[in-house]
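To keep things clear, I will list the structure first and then write my remarks on it.
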Amino acid sequence: MAIDRLTEAHRCGRLYAALAALERLGEGAHHSLGRPGTRRQVSTEPRKHLTVHLWQAGRYLAAAAGRGEGPAAAVVFRQLPDLLPLRRELPGEIRDPAERARFQEGVQEQEAAIGKALAEL
């Protein structure tokens, strides 16, 4: 079965949005995924930039609980397994403009989904 690269790019965008939200809840407003230009870097090389944040997801969850953001962080944390790309690894590179557009769509969709889920808390 061939992996649809547009779908993988979309899933990476959604994963980025969830990890950025989780890191923001744990680290505060000045988190690394929220730095200017980071989204563009991640949309080009997801494996290089997202893998370390996947490894840190549990730490972000614990830090968020310590900051009084535990329930919100738990909502976002539980979304992560469904956002992982279908292949064994995150894509190494996304160079095609159509794929990068799908990444951005994924970010926007996940941010909206997170907003909706957090509003229900």
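The values are calculated or read from the model by the stated rules, or taken from the named source; none is laboratory data. Note that the coordinates shown come from a computational prediction; the quantities given were computed from them, not determined experimentally. Quick reminder, even Gly has a Cβ in these numbers, built from the backbone with ideal geometry, and neighbours come from all protein chains shown. Ligands, DNA and RNA are stripped out before the accessible areas are found, and what is left, the full protein with its side chains, is counted by its heavy atoms. Shrake-Rupley method; radii C 1.70, N 1.55, O 1.52, S 1.80 Å.
Pairwise over distinct Cα atoms, reciprocal of the mean inverse distance: report the Kirkwood radius of the stretch 69-121 in Å, one decimal place.
That comes to 12.8 Å for the stretch 69-121.
For the stretch 49-68, list residues with backbone N below 12 Å from a point placed 7 Å from the Cα of ALA29 toward its Cβ?
none
Before I look further, what does the chain give for accessible area per residue, probe 1.4 Å, in whole square angstrom?
About 55 Å² of surface per residue is accessible.
Within the chain, what whole-number % of the accessible surface is contributed by carbon and sulfur, with the 1.4 Å probe and all protein chains included in the calculation?
C and S fraction of accessible area: 52 percent.
Given the options GLY106, GLY28, GLY66, which has the most mean-square fluctuation in a GNM of the chain, springs set between C-alpha atoms less than 10 angstrom apart?
So, out of GLY106, GLY28, GLY66, the one fluctuating most is GLY66.
Given the convex hull over the Cα atoms of the chain, what projected area results after averaging over all orientations, in nm²?
Computed as one quarter of the Cα hull surface, the answer is 7.1 nm².
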